[in-house]
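> First the structure, then my questions, so here it is.
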Amino acid sequence: MSDVASDQGQLAELAATVADLGARLRAVEDQVAIGQLIARYGPAVDSGSADAAAGLWASDGVFEVPPYAVWTGRGEIAGMVDGAGHQGLIANGCGHVLTAPLVKVDGDEARAWNYALNIRWDAEADRFWTARLSANSWWLRRMPDGWRVTRRVNRALDGSPEPRALFQASTQPFQAGAQPS
Amino acid sequence: MSDVASDQGQLAELAATVADLGARLRAVEDQVAIGQLIARYGPAVDSGSADAAAGLWASDGVFEVPPYAVWTGRGEIAGMVDGAGHQGLIANGCGHVLTAPLVKVDGDEARAWNYALNIRWDAEADRFWTARLSANSWWLRRMPDGWRVTRRVNRALDGSPEPRALFQASTQPFQAGAQPS
Amino acid sequence: MSDVASDQGQLAELAATVADLGARLRAVEDQVAIGQLIARYGPAVDSGSADAAAGLWASDGVFEVPPYAVWTGRGEIAGMVDGAGHQGLIANGCGHVLTAPLVKVDGDEARAWNYALNIRWDAEADRFWTARLSANSWWLRRMPDGWRVTRRVNRALDGSPEPRALFQASTQPFQAGAQPS
């Protein structure tokens with residue numbers, strides 16, 4: 001074999017290795033990007049940054065907190081942050097503390113699951129208390145400018161079966177386009 | 001130097017760069033994979049998914065919660081999830097909230113450390129309360145199908161020295177095969 | 001075109017792809033490294049490992065907990081861990097539970113934001129309680145031996161505007177060298 005032929009074989013092999021690295025790197029980038037997207041929620045809402053919070057969702061994204069509320073689209077999500085209820089919470093002292101999510105990606109779609117704590121300041125008792133602990137299920141989509149939330153469901157872990165069903169889905173393989181649950 | 005010789009030098013250099021990227025990428029993949037493995041625990045046990053929870057461990061893995069219990073092997077860990085104690089907790093409203101772990105990898109062995117909160121619903125008081133905050137120490141092994149837990153020790157942070165000793169180990173370098181602590 | 005010329009074109013293209021992968025990998029490594037640095041804080045202080053905790057900061061790093069304290073440099077931070085106040089907390093049962101941070105990197109500088117919970121054991125009530133929930137803002141710098149904290153500000157989420165201002169900065173783009181806030 002000539003040197004040139006040998007070079008071309010090595011070059012093709014190296015190009016295949018590089019393509020494989022690129023795919024693996026993209027999988028890790030997706031994990032980090034989705035973890036970071038979700039990490040932006042708490043600091044945004046607890047600082048009253050309505051547009052930043054709403055911007056985590058796709059323009060037609062949905063945020064469901066059954067049985068209390070469903071907000072559809074960035075305008076409604078920003079309206080929740082700007083609303084009297086949320087403003088009262090943060091004026092009194094409050095943290096929306098989310099845990100690092102479990103994330104499953106399939107192409108340009110992803111699912112994630114984590115916990116959210118709604119913790120509030122009680123000046124009289126001189127301590128914080130936990131108003132709500134919820135199971136959270138996230139649906140995400142890769143957009144031209146990065147991952148965005150298309151749907152988030154938040155259900156209190158109060159012993160009812162619905163939050164358990166949300167979390168049960170996290171134990172199953174995720175396939176884009178399959179029926180959401 | 002001929003063009004061919006020059007090409008071969010550049011090719012060898014590029015191959016070395018690619019090999020280095022591959023090793024660095026694997027280190028990041030291990031961090032993400034172990035973080036994700038641990039992120040699966042809470043949603044699995046809080047949805048009563050016994051097999052999914054047990055499947056995080058190696059087949060002969062151990063879960064120790066001194067002084068209450070030691071579960072050895074996937075059967076016993078699944079049995080804990082299916083047991084009356086755990087089923088009573090989730091029927092009443094409960095979350096096993098784990099933090100993102102500190103992870104140290106050496107080859108095919110790893111260690112991790114994090115916090116776990118056992119938070120429970122109190123319908124009468126209309127709030128959640130924290131039954132347990134524990135120091136958790138994890139031993140992990142790379143298996144053909146991914147990382148698995150070989151041992152997890154969970155100790156309440158109740159002022160006793162044992163949980164502090166678990167966490168002290170996180171400040172030391174980790175070397176596979178060294179005496180576990 | 002000769003085979004050699006064709007090879008050189010392919011080699012140059014592959015080298016550019018590899019350089020791009022290297023830059024993307026470094027961005028992911030920075031995210032993981034800063035997340036891991038911050039994950040070391042809780043286990044270090046809750047095990048009374050003063051030097052390990054102080055070593056997360058740059059030698060002249062600052063830890064501010066307004067209005068209670070400002071510790072400047074590793075000696076003062078280690079002194080806080082060794083001090084009677086902190087030693088009393090961990091002897092009584094305590095966890096400094098930090099969430100996975102939002103991280104923004106620009107070159108050799110970075111910012112991060114997360115929550116910290118100070119949770120304490122109450123043996124009489126047989127439960128844990130949350131003494132403090134704080135907004136945390138971190139300034140970090142890439143050093144020859146890795147990322148270190150140059151400044152951390154911790155403010156209780158008690159309804160005052162200062163912690164909200166800390167978190168508001170997390171919604172803005174981060175540019176190294178710009179005025180810290």
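> Given the criterion under 30 Å from B:P161 (Cα atoms), within 9 Å of chain A (Cβ to nearest Cβ) and either of a type outside the set (D, E, K, R) or outside any strand (DSSP E or B) (or both), identify the matching residue among B:Q8, B:Q36.
Sole residue among the options that is under 30 Å from B:P161 (Cα atoms), within 9 Å of chain A (Cβ to nearest Cβ) and either of a type outside the set (D, E, K, R) or outside any strand (DSSP E or B) (or both): B:Q36.
> For the range A:133-147, how many residues meet the condition of being surrounded by fewer than 20 Cβ atoms within 10 Å (Cβ to Cβ) and in contact (Cβ under 8 Å) with a residue 12 or more places away in the chain?
Counting residues in the range A:133-147 that are surrounded by fewer than 20 Cβ atoms within 10 Å (Cβ to Cβ) and in contact (Cβ under 8 Å) with a residue 12 or more places away in the chain gives 5.
> Further, regarding this structure: Is it true that B:V65 is within 30 Å of A:V4 (Cβ to Cβ), at pLDDT 95 or above and either buried (at least 19 other Cβ atoms within 10 Å of the Cβ) or more than 9 Å from chain A (Cβ to nearest Cβ) (or both)?
no
> Could you please give the count of residues in the range B:61-91 that are touching a residue at least 60 places away in the same chain (Cβ under 8 Å) and under 17 Å from the mean Cα position of the chain (by Cα)?
Selection size over the range B:61-91: 5.
> Can you give me the number of residues within the range C:143-181 that are outside any loop (DSSP other than H, G, I, E, B) and within 14 Å of C:L56 (Cβ to Cβ)?
Number of matching residues: 9.
Residues checked against (1) of a type outside the set (F, W, Y); (2) more than 14 Å from every other protein chain (Cβ to nearest Cβ); (3) within 17 Å of the chain's Cα centre (by Cα):
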residue: A:G107; (1), (2), (3): yes, yes, yes
residue: A:A116; (1), (2), (3): yes, no, yes
residue: A:I119; (1), (2), (3): yes, no, no
residue: A:D126; (1), (2), (3): yes, no, no
residue: A:W129; (1), (2), (3): no, no, no
residue: A:W138; (1), (2), (3): no, no, yes
residue: A:R151; (1), (2), (3): yes, yes, yes
residue: A:E162; (1), (2), (3): yes, no, no
residue: A:A178; (1), (2), (3): yes, yes, no
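> Any residue that is more than 30 Å from C:V18 (Cβ to Cβ) and hydroxyl-bearing (S, T, Y) - is there at least one of those in the range A:28-48?
yes
> Using the structure shown, decide if B:V45 is under 15 Å from the mean Cα position of the chain (by Cα), at pLDDT 95 or above, buried (at least 22 other Cβ atoms within 10 Å of the Cβ) and within 11 Å of chain A (Cβ to nearest Cβ).
yes
> Take the residues in the range B:11-33 that are at the interface with chain C (Cβ under 7 Å from one of its Cβ atoms) and under 18 Å from B:P101 (Cα atoms), then tell me which one is surrounded by the most Cβ atoms within 10 Å (Cβ to Cβ).
Residue satisfying both the conditions and the ranking: B:Q31.
The values are calculated or read from the model by the stated rules, or taken from the named source; none is laboratory data. Since the structure is predicted, the reported quantities are computational estimates derived from the model, not experimental observations. Every residue, glycine among them, receives a Cβ derived from its backbone with ideal geometry; neighbour counts consider all protein chains shown.
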